[in-house]
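What follows is a set of notes on a single structure, which appears directly below.
The values are calculated or read from the model by the stated rules, or taken from the named source; none is laboratory data. Just so we're clear, the structure is a prediction, and the values are computed from it rather than from any experiment. Methodologically, a virtual Cβ is constructed for each residue, glycine included, from the backbone with ideal geometry; neighbour enumeration extends over all protein chains shown.
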Number of protein chains: 2
Amino acid sequence: MLFKVVFLGTAGTIPSADRNTSAIFVQHSNYRFLFDCGEGAQRQIMSAKLGFRNLDNVFITHMHTDHFIGAFGLIETLSLNGRKKELNFYTPNPEMLKNLFEIFGYDNLDYPIIVKKAKDGDEISFRGFKIVVFKTEHIVPSVGYALIENDVRKFEKEKALALGIPPGPIYAKLKSGESIEWEGELINPEMVLGELKKGRRLVYTGDTRPCERTIEVAMNADLLIHDASFSEEMKEWAIESGHSTAKEAGEVAKKANVKKLILTHISARYSKDPEILLNEAKEVFENVEIAEDLMKFDIQQSW
Amino acid sequence: MLFKVVFLGTAGTIPSADRNTSAIFVQHSNYRFLFDCGEGAQRQIMSAKLGFRNLDNVFITHMHTDHFIGAFGLIETLSLNGRKKELNFYTPNPEMLKNLFEIFGYDNLDYPIIVKKAKDGDEISFRGFKIVVFKTEHIVPSVGYALIENDVRKFEKEKALALGIPPGPIYAKLKSGESIEWEGELINPEMVLGELKKGRRLVYTGDTRPCERTIEVAMNADLLIHDASFSEEMKEWAIESGHSTAKEAGEVAKKANVKKLILTHISARYSKDPEILLNEAKEVFENVEIAEDLMKFDIQQSW
């Protein structure tokens, strides 16, 4: 099942010629999401040839301009493209976004725009996975988002055949978790399902200090995308501005035992030489990379 | 005296991978201006290596997102860069912009942001030129802007020498238009100045139907940058949406007898093949070009 991430913007607050402000395109099966939507996001979607189809949900981590101002252009482009389907925005501060949308007259568009509050512990369910909201620690109300696949148990045909059940519509019932009766015997799904396979997990923090809640949600994640605005030398400023250093991001990744860490929200001061961030993170966590604009990452099924 | 234009965004409403939304960088002597500031404008300034120094005035033609939403990122980048100098915004709808700036908390920045109403006939004076506001015809309140150099008369040293006046501080007085007495004779500046040289003139319409006021302001202009969103085939829609066709832009250029016409606000439907617009405009006005992102144009002194 397709599960990929495309980085649309990887700059920290101030964009550069090479890095757009924050936005991540996430595709799972036929669903497409935006995690943050900074200035220029719609144009990056075009540059990456991703298209807007099935993009129905935009998850904003916090209401700083570089994480949401691209929403306006996106909304208007979709409107001019004749969109009719509703578009959902999740944000920890829905009042501000609603207020802005009202000033822009978005209650008069041809499609509904719904603004929803995202708060710690919220789960939004989709077919085969859910998106979980977790609280982060920035200088304004902020959250991160995790896309967590459902754990699955595969239907094992051989087991059914061994029980004397021939292929047929009855298999679908067992696959869906229903118990059935076959030749007088009760067959429950347990008897024909394989072992539990863990679903994949993607975690995006947005702007944040390192925090326990991230570690909790990112435990054993396949991919953690973490704020790494600064190097250690700027740690004091990272604390003051509610960001993380690359090394701190590495520490979170290590504690959460994630498979892969990608650093983003790269401050303009490192835009020419982000190696310093990479090296500092590598001191504590080996499997780490620096995000770049338009970089793609496939989250592989491990089984 | 340097007088140049750099196109930062040339797309019509919807950007494309090749064209950013509307923004034009204008430099005259040491002054720098933005005429419109669509999404991504600050990044285009970076890409064109123009810098933000002496950028103190942003002229917005109308309050459609693709013409002003880049202001927010620009304002915050300047703030993070430690700006202290005030930044002026001119717009036909200052209430909306003030309202938005208040929601974004821009009254608490380290530098003042001033929003001024731009209305037909307003003149903002700078050293050696003025910026003139003229009413245009779009579907919301809209204006265009003209940068008009003062006409000048050059000091002719030979004439002063012929009158027996030797070089010295007295020349500066004559140059500045003061009359002086030299060996008992009244010397007025007329006697030592050359003929009147017309100042250069740049006119930018923003989004508009062709209109008389543009022709009036653009009369004999060196450069007219005109809305040319559509081809003739889309004329009905151009009328309905308050835009111009390329041919109509050519007609305005012809009536105003401008030296050069550059077409902008190119609809995404022509982004791969803008030749159709160019050809239609050429039917009525020969010296025409299609704007492209990061294209530079020097407005030459003709004398």
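Observations, loosely collected:
- From B:Val5, B:Val26, B:Val58, residue being crowded, with 22+ Cβ neighbours inside 10 Å, more than 24 Å from A:Ala268 (Cα to Cα) and touching a Leu at 6+ places or on another chain (Cβ under 6 Å): B:Val58
- Identity of the residue in the stretch B:124-174, β-branched (Val, Ile, Thr) and over 15 Å from the mean Cα position of the chain (by Cα), that ends up surrounded by the most Cβ atoms within 10 Å (Cβ to Cβ): B:Ile165
- Set A:Leu8, A:Leu100: member being over 22 Å from the mean Cα position of the chain (by Cα) and closer than 25 Å to A:Phe134 by Cα: A:Leu100
- Scanning the stretch A:270-278 for any residue that is surrounded by 17 or more Cβ atoms within 10 Å (Cβ to Cβ), among the hydrophobic types (A, V, I, L, M, F, W, C), under 25 Å from A:Arg200 (Cβ atoms) and in contact (Cβ under 8 Å) with a residue 40 or more places away in the chain turns up nothing.
- A:Val58 meets all of the listed conditions (1) touching a helix residue (DSSP H, G or I) at 6+ places or on another chain (Cβ under 7 Å); (2) away from every other protein chain (no Cβ under 11 Å); (3) outside any strand (DSSP E or B) but one, namely (3).
- Output for the stretch B:86-102, where each listed residue is in contact (Cβ under 8 Å) with a residue 40 or more places away in the chain and either part of a loop (DSSP other than H, G, I, E, B) or within 14 Å of chain A (Cβ to nearest Cβ) (or both): B:Pro92, B:Asn93
- The residues on offer are A:Glu232, A:Glu236, and the sole one that is loosely packed, with under 14 Cβ neighbours inside 10 Å and not small (Gly, Ala, Ser) is A:Glu236.
- Matching residues, the stretch A:68-97, being at negative phi, surrounded by fewer than 17 Cβ atoms within 10 Å (Cβ to Cβ) and of a type outside the set (S, T, N, Q): A:Leu80, A:Lys84, A:Lys85, A:Glu86, A:Glu95
- Residues (farther than 14 Å from B:Thr136 by Cα and of a type in the set (Val, Ile, Thr)) located in the stretch B:213-272: B:Thr245, B:Val258, B:Ile262, B:Thr264, B:Ile266
- Boolean, B:Ile276 is part of a helix (DSSP H, G or I) and not basic (Lys, Arg): yes
- Filtering the stretch A:1-18 to residues that are touching a helix residue (DSSP H, G or I) at 6+ places or on another chain (Cβ under 8 Å), within 12 Å of chain B (Cβ to nearest Cβ) and more than 21 Å from B:Phe68 (Cα to Cα) leaves A:Ala11, A:Gly12.
- First in the stretch B:125-138 and assigned to a strand (DSSP E or B), second anywhere and exposed (fewer than 15 other Cβ atoms within 10 Å of the Cβ) and small (Gly, Ala, Ser), Cβ under 9 Å, 6 or more apart: B:Phe126/B:Ser29; B:Phe129/B:Ser29; B:Ile131/B:Ser125; B:Val132/B:Gly121; B:Val133/B:Gly121; B:Phe134/B:Gly121; B:Lys135/B:Gly121
- Remark: B:Val288 falls outside the filter, which requires a residue to be farther than 18 Å from B:Thr136 by Cα, among the hydrophobic types (A, V, I, L, M, F, W, C), modelled with pLDDT of 95 or more and surrounded by fewer than 21 Cβ atoms within 10 Å (Cβ to Cβ).
- Here A:Asp107 meets each of (1) assigned to a strand (DSSP E or B); (2) more than 15 Å from the chain's Cα centre (by Cα) with one exception, condition (1).
- Number of positions in the stretch B:34-55 that are under 14 Å from the mean Cα position of the chain (by Cα) and under 26 Å from B:Ala268 (Cα atoms): 4
- With respect to the conditions (1) without any contact (Cβ under 8 Å) to a residue 60 or more places away in the chain; (2) surrounded by fewer than 21 Cβ atoms within 10 Å (Cβ to Cβ), B:Ala48 lacks only one, and its number is (1).
- Residues of the stretch B:230-255 satisfying the condition of being within 17 Å of B:Ile14 (Cβ to Cβ) and hydroxyl-bearing (Ser, Thr, Tyr): B:Ser231, B:Ser241
- Test: residue in the stretch B:13-21 that is crowded, with 17+ Cβ neighbours inside 10 Å and under 17 Å from the mean Cα position of the chain (by Cα): yes
- From the list B:Arg32, B:Arg83, B:Arg53, the one residue that fits, being touching a residue at least 12 places away in the same chain (Cβ under 8 Å), out of contact with any Leu (no Cβ under 9 Å at 6 or more places or on another chain) and either over 23 Å from B:Glu95 (Cβ atoms) or more than 10 Å from every other protein chain (Cβ to nearest Cβ) (or both), is B:Arg53.
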